[in-house]
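See below for the structure under consideration.
The values are calculated or read from the model by the stated rules, or taken from the named source; none is laboratory data. Small disclaimer: the values here were computed from a predicted structure and weren't measured. So basically every Cβ, Gly included, is an ideal-geometry build from the backbone, and we count neighbours across all protein chains shown. These accessible areas exclude ligands, DNA and RNA; they are computed on the full protein's heavy atoms, side chains included. Shrake-Rupley method; radii C 1.70, N 1.55, O 1.52, S 1.80 Å.
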Amino acid sequence: MYLNHSLTSMCVYLLWQPILSSSYTNLPVPSHRTIQQDLVACSSSSSQSSSSSIVGSKQWIGAVELQMVLQHRYCIESRILHVPSGADVSSKARDIYKHFKSEGTPVMIGGGHLAYGLLGIDWNVTEKKSKYLILDPHYTGSDDNVSKILKNGWCGWKDASDVFKADNFYNFLLPQRPRVI
């Protein structure tokens with residue numbers, strides 16, 4: 001999953017792999033360029049505006065854009081949980097917990113100028129404390145040394161204050177599993 005990359009917007013691209021693998025699709029992860037082209041295509045048919053100049057650029061793609069492309073390319077429904085300040089993330093622990101309990105799909109978090117994957121939550125309702133299993137797609141080393149990745153915190157349990165900054169907003173993209181009748 002971790003790759004050496006030079007595109008600043010690749011962090012969201014790297015989060016596609018766990019999201020798609022958990023969403024019951026056998027379709028391959030599209031290229032970075034294809035994602036950008038899809039974003040232009042689906043934004044031109046909606047009220048969103050995304051210039052064709054995004055194609056081939058290093059422009060950052062966030063949770064809202066990923067939501068549009070997931071729907072456009074894969075017909076994967078999702079919802080956005082908007083948190084106006086990183087200081088408020090803990091107050092949304094119940095909503096995040098419910099997502100993992102009912103959907104079980106990884107969450108993409110976009111905010112400030114970074115993106116992360118959220119793979120789980122440890123929520124203690126009695127103590128009103130939570131920890132978040134964060135996958136940081138900004139890692140650029142070898143993917144064959146899992147102990148190094150874990151030791152250096154590229155994937156691990158984190159307190160909200162270690163990840164979410166009070167002066168940033170965050171959008172949590174909550175992919176929904178397909179509903180089959």
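Just a few scattered comments:
- Considering (1) open to solvent by less than 60 Å² (accessible area, probe 1.4 Å); (2) in a helix (DSSP H, G or I); (3) out of contact with any Phe, Trp or Tyr (no Cβ under 7 Å at 6 or more places or on another chain), the lone condition that MET108 does not fulfil carries the number (2).
- Considering segment 141-181, the residues that are farther than 20 Å from ALA63 by Cα, open to solvent by 80 Å² or more (accessible area, probe 1.4 Å) and basic (Lys, Arg) include one that is modelled with the lowest pLDDT, namely ARG179.
- Within segment 66-105, being outside any helix (DSSP H, G or I) and of a type in the set (D, E, K, R) holds for GLU77, ARG79, GLU103.
- Looking only at segment 115-140, and only at residues there that are in a strand (DSSP E or B) and open to solvent by 30 Å² or more (accessible area, probe 1.4 Å), the one that is farthest from LYS98 (Cα to Cα): TYR116
- Selection from segment 141-158 of residues that are assigned to a helix (DSSP H, G or I) and of a type outside the set (Lys, Arg): VAL146, SER147, ILE149, LEU150
- Candidates in segment 159-180 are the residues that are assigned to a strand (DSSP E or B) and among the aromatic types (Phe, Trp, Tyr); of these, the one that is farthest from GLY104 (Cα to Cα) is TYR170.
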